[in-house]
Amino acid sequence: MSSRISSLSARLFVSATVLVVVILFVTGIALSSLYQQAVERSFDRRLNLYLRTLIAEVAPPEDDKAQPALGEPLFELPLSGWYWQVVRVDEGRRGDRSKPDERASRSLWDQKLPRLEDRGVPLNSSGVRIGYVAGPEDQQLRVVERPVDFGSDGRFIVTVAGDASEIFEETRTFDFYLSGTFVALTFGLLLSTLFQVRFGLAPLKRITTGLSAIRSGKAERLEGEFPDEIAPLARETNALLDANREIVERARTHVGNLAHAVKTPLSVIVNEAATYGGEPFAAKVLEQANIMRDQVAHHLERARIAARLTAVTTLTDITPVIDGLHRTMEKIHRDRDVEIEVRIAEPLKFRGERQDLEEMVGNLVDNACKWARSHVQIEVMAQRAAPGDPMPMVRIIVDDDGRGLTPDERAKVAQRGQRLDETKPGSGLGLSIVTDLARLYRGNLSLGTAPIGGLRAELLLPAVAA
């Protein structure tokens with residue numbers, strides 16, 4: 001769960017980062033475009049001022065040698081990037097050579113400016129054409145062009161062009177400072193987002209830690225103060241834990257009542273049948289009553305474990321349980337002279353109750369001692385349940401040097417009540433009980449061949465490091 005919270009934090013931070021970068025990128029492009037348009041409008045007002053002055057002074061041209069005073073020395077400097085041009089366009093009057101057809105600024109030298117009209121640029125609402133053209137020396141020019149009709153004096157196109165590098169340099173300077181500002185703003189926003197994500201999800205991480213503690217048996221409720229947005233979740237979780245605990249207690253009570261209600265009549269039947277032990281009918285009743293008793297005990301045990309597992313499990317130290325079983329089994333089977341060897345790689349805790357672990361491991365060790373010739377090995381080690389599974393598991397391996405079992409026999413002994421050798425004591429429920437209990441704890445029991453020659457029983461159960 002903690003890894004999921006970290007993953008959620010990472011995803012939120014990445015999403016916020018992408019969103020911030022996209023927003024700032026789009027905003028930067030929009031601001032750069034707006035600023036360029038503002039610079040162009042300012043540049044166009046300057047060109048229009050020159051255009052109106054030029055129209056007033058030189059169109060229609062009476063003296064081709066007179067130069068208008070536009071107040072801009074660049075119009076006098078050859079190929080400076082600032083040019084004006086007046087071109088007559090009414091062909092019908094071109095025969096009148098008393099007046100020149102074209103005039104241009106000294107800066108244009110012997111070049112001509114391209115006409116926006118020829119490029120299909122339409123007139124705007126002010127009656128002028130505005131656009132970019134390539135001028136002399138491949139200069140990028142911003143051009144303002146206006147057609148003027150002087151009646152009998154003819155129709156002219158008056159053009160004023162300015163060096164567009166001023167616009168581009170101004171825009172580049174603005175873009176440079178804008179980029180620096182946005183980079184600083186991006187880092188600031190990302191740090192702010194990281195702070196908000198980290199501390200905004202901190203209450204969820206606290207809930208995750210609390211649930212882990214409850215699951216491991218270290219706590220029973222979520223404790224502490226939570227923000228108003230998270231407090232309802234904590235309250236509902238605690239209410240769910242309380243309701244679950246009540247259900248488990250009721251289930252335990254019902255199981256206990258059922259055990260007493262069933263065992264008493266069975267005991268009466270067994271006692272009555274025992275008084276007629278010499279009769280075949282009584283022997284059959286006694287046999288079936290014992291089977292019923294075993295079956296009832298088995299299913300009541302399953303019900304008890306299932307009820308208990310719906311609640312938060314407790315933790316049981318494995319080493320003391322194994323050591324206790326070791327001493328007990330040596331005493332029980334001392335007449336067979338069986339050596340029991342114990343190997344525990346590291347201290348571990350079983351996620352469950354002590355009596356369940358004792359029953360599972362005790363059945364396996366008891367079976368191993370019954371079938372072993374002289375040696376039984378018990379090994380405890382930590383193991384993951386599956387690749388990528390975050391739940392730690394404990395593997396308890398019980399080996400004996402007996403005759404072992406074939407695959408068919410292994411499948412048979414795992415079934416409830418099945419016994420391969422009637423001469424050995426027991427009801428045949430041992431391995432089936434172990435299998436059922438292991439499954440209830442989300443573990444499993446597997447049988448195989450032991451390296452020392454007999455049967456290997458491997459019990460996999462949930463655990464935590466001690």
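What to note about this one:
- Members of segment 222-239 that are within 27 Å of the chain's Cα centre (by Cα), aliphatic (A, V, I, L, M) and not in a loop (DSSP other than H, G, I, E, B): ALA231, LEU233, ALA234
- One residue from GLY443, GLY430, GLY454 being surrounded by 18 or more Cβ atoms within 10 Å (Cβ to Cβ), closer than 24 Å to ILE318 by Cβ and at pLDDT below 80: GLY430
- Out of GLY131, GLY180, GLY127, one residue alone is in a strand (DSSP E or B) and free of Cβ contacts under 8 Å to residues at least 24 places away in the same chain. It is GLY131.
- Residue within segment 279-293 that is under 15 Å from ILE433 (Cα atoms), surrounded by 15 or more Cβ atoms within 10 Å (Cβ to Cβ) and at pLDDT 65 or above present: yes
- Inclusion of VAL270 among residues that are out of contact with any Cys (no Cβ under 8 Å at 6 or more places or on another chain), β-branched (Val, Ile, Thr), at pLDDT below 75 and not assigned by TED's automatic domain parsing to the domain that holds ALA10 is not warranted.
- In this structure, GLU225 qualifies as farther than 27 Å from LEU348 by Cα and not hydrophobic (A, V, I, L, M, F, W, C).
- Only a single criterion out of (1) surrounded by 14 or more Cβ atoms within 10 Å (Cβ to Cβ); (2) at pLDDT below 85; (3) outside any loop (DSSP other than H, G, I, E, B); (4) not hydroxyl-bearing (Ser, Thr, Tyr) is not satisfied by ALA411, namely (1).
- Qualifying residue in segment 82-100 (condition: modelled with pLDDT of 90 or more, assigned by TED's automatic domain parsing to the domain that holds THR159 and part of a loop (DSSP other than H, G, I, E, B)): yes
- Test: residue in segment 188-205 that is of a type in the set (D, E, K, R), at pLDDT below 85 and in a helix (DSSP H, G or I): yes
- Flag for ARG327 being among the basic types (Lys, Arg), modelled with pLDDT of 90 or more and assigned to a strand (DSSP E or B): no
- Taken over segment 431-454, the criterion of being touching a helix residue (DSSP H, G or I) at 6+ places or on another chain (Cβ under 7 Å) and among the polar types (S, T, N, Q) is satisfied by ASN444 alone.
The values are calculated or read from the model by the stated rules, or taken from the named source; none is laboratory data. Please read all numbers here as calculations on a predicted model, not as lab measurements. Heads up, the Cβs are rebuilt from the backbone with ideal geometry, glycines too, and the neighbour counts pull from every protein chain shown.
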